[in-house]
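**Q** Please see the structure below; I have some questions.
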Protein chains: 2
Amino acid sequence: MITRRARDAFVAYAAATLAKSGTVVTDEEIAGIEIADYGLSDLEKHGLAILVYVNTDRCCAKELIMMPTQTCPQHRHPPVEGEPGKEETFRCRWGKVFLYEEGEPAADPACKAPAGHEAHYTVWNEIALNPGEQYTLLPNRWHWFQSGPDGAVVSEFSTTSRDHLDEFTDPGVVRETTIDE
Amino acid sequence: MITRRARDAFVAYAAATLAKSGTVVTDEEIAGIEIADYGLSDLEKHGLAILVYVNTDRCCAKELIMMPTQTCPQHRHPPVEGEPGKEETFRCRWGKVFLYEEGEPAADPACKAPAGHEAHYTVWNEIALNPGEQYTLLPNRWHWFQSGPDGAVVSEFSTTSRDHLDEFTDPGVVRETTIDE
């Protein structure tokens, strides 16, 4: 649960950061930004601002806007109705993002798991993305990501997005964000 | 057929225009830009610079870079192996682009069909896209587009791209571009 004020502040940050990154969006799109706190009630630690450009039953494109050293908790996209899970390409547009997925763990990772939640971060194959760099994540693989010290704007190009079906490692995660009015 | 020099000049224009639009790309991506002349051998009239970010068997994302008042000829994306044709969302990032598709023809369209090729432009439902504006085109619908007086950078988010299977209205179109060395 987050306050309306915290939600609105993150939307304002997202709008300013998109502008700084040179990404032109409409006022209507800004108003429609989704703020996710993953039910962990601490946006500065875990969270994401999500601007969905398009999400049909075939493909999807979004901008993800992150505050400095903010984490999107570890999750995966399972198969849906006989289709493989969501395939997604992350392209860093501004700032820096560190993506972690299954595979050889980094000897000296650039990021730390959010304090108090370490047990839920189990994949440590590190992919560092600077602006203009991208990585395609295959379906159903555990992954999480954290922004660098300036935050990040990351484009996501993918198959259909069904966030409510994502599986999270942390049993405390709730995908719906509740606003405390 | 176009000359190597014309090809290289369009790539240089595309790189400069991407930079002007605030789109960060790598040198490797610039080197991999595809220049399409649609076999019509007149890039200033018909053509497109295409930077493919990702194109898997499920989804695709690209940047399209256009010179001023350049046209991508009328075409459609037919069904492939039982799947509906390509679905694509065009999002204007910089400059301006006019998209024409099936439907109510514009009473006073902003664009003209390229001179000498008028007969091959039969759909005139006009969608004008400024930066931050987008339009999703359904599969297998005839469409074409032309940039405004400053050119354009347009993001395309879509299902798998199979350009060689596109159907063009103009029988003179050849999808492969030949370079006259």
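**Q** Report the accessible surface area buried between chains B and A, summing both sides, using a 1.4 Å probe on protein heavy atoms only, in Å² rounded to the nearest 100. It would help to have the intermediate numbers written out before the result.
**A** Working: alone 8840 and 8840 Å², together 15480 Å².
Heavy-atom accessible area buried at this interface is about 2200 Å².
**Q** In addition: How much length is gained if the chain between B:ASP163 and B:ALA115 is pulled fully straight, taking 0.36 nm per residue apart and subtracting their Cα-Cα distance, in nm to one decimal?
**A** On the way: separation 48, 0.36 × 48 = 17.28 nm, distance 2.45 nm.
Taking 0.36 nm per residue and subtracting the Cα distance, the gain is 14.8 nm.
**Q** For chain B, which semi-axes, largest first and in whole Å, follow from the square roots of 5 times the eigenvalues of its Cα gyration tensor? The partial results should precede the final answer.
**A** Working: eigenvalues 96, 72, 64 Å².
The three semi-axes for chain B are 22, 19, 18 Å.
**Q** Please report Rg (one decimal) and Dmax (integer) in Å for the Cα set of the stretch A:41-135.
**A** Rg, Dmax (Cα atoms, Å): 14.4, 40.
**Q** Which of the pairs A:LYS96/B:LYS45; A:LYS112/B:LYS62; A:LYS96/B:LYS62; A:LYS20/A:LYS112; B:LYS86/B:LYS112 have their Cα atoms more than 30 Å apart in this structure? List each step's numbers first, then the result.
**A** Values: A:LYS96/B:LYS45 39 Å; A:LYS112/B:LYS62 33 Å; A:LYS96/B:LYS62 21 Å; A:LYS20/A:LYS112 27 Å; B:LYS86/B:LYS112 26 Å.
As for pairs spanning more than 30 Å Cα to Cα, those are A:LYS96/B:LYS45; A:LYS112/B:LYS62.
**Q** Using a Gaussian network model on chain B with a 10 Å cutoff between Cα atoms, which of B:ASP108, B:ASP37, B:ASP163 fluctuates the most?
**A** For chain B, modelled as a Gaussian network with Cα springs under 10 Å, the answer is B:ASP108.
**Q** How far, in nm to one decimal, is A:LYS20 from itself in the other copies if the label point is set 7 angstrom along Cα toward Cβ? Shortest first, please.
**A** Distances to the matching label points in the other copies: 2.6 nm.
**Q** Separate question: When the Kirkwood hydrodynamic radius is evaluated over all pairs of different C-alpha atoms of the stretch A:90-130, what value in angstrom, to one decimal, is obtained?
**A** Working: mean 1/r = 0.0901 Å⁻¹.
Computed over Cα pairs of the stretch A:90-130, the Kirkwood hydrodynamic radius comes out at 11.1 Å.
**Q** I've got another one for you. Calculate, for A:ASP57 and B:ARG5, the FRET efficiency according to 1/(1 + (r/R0)^6) with r their C-beta to C-beta distance and R0 30 Å; round to the nearest 0.05.
**A** So the FRET efficiency works out to roughly 0.10.
**Q** Would you be so kind as to list the residues of the stretch A:96-145 that have their accessible area lowered by at least 10 Å² in the full protein complex compared with their chain by itself (1.4 Å probe)?
**A** When all protein chains are present, A:PRO131, A:GLY132, A:GLN134, A:THR136 each give up 10 Å² or more of accessible surface.
**Q** Using a probe of 1.4 angstrom, how much of the accessible area of the protein assembly as shown is carbon and sulfur, in percent? Show your work: numbers first, answer last.
**A** On the way: 7830 of 15480 Å².
Here carbon and sulfur together make up 51 percent of the probe-accessible area.
**Q** At q = 0.08, 0.09, 0.13 Å⁻¹, what is the base-10 log of I(q)/I(0) for the protein assembly as shown according to the Debye formula with one equal point scatterer per Cα and no solvent? Please give it to two decimals.
**A** The Cα Debye sum returns log10 ratios of -0.42, -0.53, -1.03.
**Q** From the label point of A:GLU167, set 7 Å along Cα to the beta carbon, how far off in nm is each other copy's matching point, shortest first?
**A** 4.2
**Q** How far, in whole Å, is the closest Cβ of chain B from the axis that maps B onto A, and which residue does it belong to?
**A** It is B:GLY22, 1, counting Cβ atoms only.
**Q** Loop only by DSSP, 14 or fewer other Cβ within 10 Å of the Cβ. Give me the GluC sites (Glu not before Pro) in the stretch B:1-96 that pass, ordered by residue number. Each step should come with its number before you reach the end.
**A** Details: sites: B:GLU28, B:GLU29, B:GLU34, B:GLU44, B:GLU63, B:GLU81, B:GLU87, B:GLU88; in loops: B:GLU44, B:GLU81, B:GLU87.
Answer in residue order: B:GLU44, B:GLU81.
**Q** I would also like to ask the following. How far apart are the B:GLY116 label points across copies, placing each 7 Å from Cα toward Cβ, in nm, shortest first?
**A** 7.1
**Q** Right, here's the next one. Using Cα-Cα distances under 8 Å and only pairs 6 or more residues apart, what relative contact order does chain A have, in percent?
**A** On the way: 425 pairs, mean separation 58.1, N = 181.
Computed value for chain A: 32 percent relative contact order.
**Q** Sticking with this structure for a sec: Just to verify a number: FRET efficiency for B:ASN140 and B:GLU181, C-beta to C-beta distance, R0 = 30 Å, to 0.05? The partial results should precede the final answer.
**A** Details: r = 37 Å, r/R0 = 1.23.
My answer for the efficiency is 0.25.
**Q** On to the next question. Per residue, how much accessible area does the protein assembly as shown show when a 1.4 Å probe rolls over the protein heavy atoms, in square angstrom? Please list the in-between numbers first.
**A** Numbers: 15480 Å² over 362 residues.
With all protein chains present, the protein assembly as shown gives 43 Å² per residue.
**Q** Quantify how strongly other chains surround peptide A:52-58 by giving the mean number of their Cβ atoms within 10 Å of each of its Cβ atoms. Intermediate values should be presented prior to the final figure.
**A** Working: counts 0, 6, 9, 1, 6, 1, 10.
Per-residue shielding by partner chains comes out at 5.
**Q** How big is the dipole moment of the stretch B:51-181 about its Cα centre under a simple scheme where the beta carbon of each Lys and Arg is +1, that of each Asp and Glu is -1, and everything else is neutral? Debye, nearest 20, please. The partial results should precede the final answer.
**A** Values: 11 positive and 22 negative charges, 62 e Å.
Roughly 300 debye for the stretch B:51-181.
The values are calculated or read from the model by the stated rules, or taken from the named source; none is laboratory data. Since the model is a prediction, treat every value here as computed from it, not as a measurement. Here Cβ is always computed from backbone atoms with ideal geometry, including for glycine, and neighbour counts include all displayed protein chains. Ligands, DNA and RNA are stripped out before the accessible areas are found, and what is left, the full protein with its side chains, is counted by its heavy atoms. Shrake-Rupley method; radii C 1.70, N 1.55, O 1.52, S 1.80 Å.
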